[in-house]
Amino acid sequence: MNLNYLALEIKRIVRSPQFALFTIGMPLAMFLLFGGIFGARDIAPGISTATVTMVNMAAYGAMTAALFTGTRVATERTDGWQRTLRLTPMRAPGYLMVKVTAGLFVALPVLLVIFAAGMIRGIRLETGQWLTIFGALWLGALPFAVLGLMIGLFGKGDTVQAVTGALMLPLGMFGGLWIPLQVLPGWMNTAGHLMPTYWLGEIGRAPVLGGSGTLTAVAVLAAWLVIPALVVMARFRLDTARL
């Protein structure tokens, strides 16, 4: 993987006004909004609804940051950037790895901002819990980076952002990050368990709520990683063959 290209890609993303507004600002605003709606009622000894809301919005923010990796890929396809890269020593695996890794790196500031806001609002956890939640959500964003890459390889530069934004609505709502699945109708609850965001939230909430579903969550997220990754590789080979 070309580290210089990775550094350039990360700089291009974080310098974009849309990055600060949508990738960081929106999850933060939603945390403050839902934190006010759900309040800070105790749901377990030492655990409040505010803590769960913080984890959910951190998961949503990490997912958002990773997904939007695909918007740059679609733009580069439209502008002929992939054709230009064929004239350089960079090969397809390196290009794809840079895009996915950049998606993970831009998820870091989102998690830090949401956690800092949680601390300011009085959320207190043990150091080990903070680190475990942070690591779980960060690594759990990997399938979404690959999913965003897949969307970018199929979409066009002028439409992929709208497609990605439309996808974030069901992922957030039916994945149980915006509202608890228990309040949704039965079929929506069932559908929610198929969403990768539900399992991302599960591994994020596990350090504070406990539960025995962590291995299941990891298995489901792994499936959401492998299947889009296979599609990405097949699509990229097809694209490069056409160039």
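Just the protein heavy atoms count here, and of the accessible area of the chain at 1.4 Å, carbon and sulfur take up 69 percent.
For the stretch 107-156, the solvent-accessible area works out to 44 Å² per residue, with a probe of 1.4 Å and every protein chain left in place. What's the local net charge at Phe105, with K and R +1, D and E -1, over the other residues with C-beta under 14 Å away? Once positives and negatives cancel, what remains is +4.
Of the trypsin sites (Lys or Arg not before Pro) found in the stretch 146-243, those that fall in a DSSP loop while having at most 12 other beta-carbon atoms within 10 Å are Lys156.
Each label was represented as a point 7 Å from its Cα along the Cα-to-Cβ direction; for Gln182 and Val14 these points are 4.0 nm apart.
Here is the P(r) of the stretch 123-191: all C-alpha pair distances, binned every 5 Å from 0, give 3, 14, 15, 16, 18, 17, 11, 4, 2 in whole percents. The average projected area of the stretch 3-242, computed from the convex hull of its Cα atoms over all directions, is 13.3 nm².
Between Gln129 and Val226, residue separation times 0.36 nm minus the direct Cα-Cα distance comes to 32.1 nm. For the stretch 179-231, the spread of Cα coordinates along the three principal axes comes to 35, 27, 15 Å, biggest extent given first.
For q values of 0.18, 0.20 Å⁻¹, compute log₁₀ I(q)/I(0) with the Debye formula on a Cα-only model of the stretch 127-243, without solvent. Ignoring solvent entirely, the Cα scatterers give -0.99, -1.13.
The values are calculated or read from the model by the stated rules, or taken from the named source; none is laboratory data. Fair warning: this is a prediction, and the values are worked out from it, not measured in the lab. For neighbour counting, all protein chains shown are included, and Cβ atoms are generated from backbone atoms with ideal geometry for every residue, glycine included. Just so you know, the surface numbers come from the protein's heavy atoms only, side chains and all, with ligands and any DNA or RNA stripped out. Shrake-Rupley method; radii C 1.70, N 1.55, O 1.52, S 1.80 Å.
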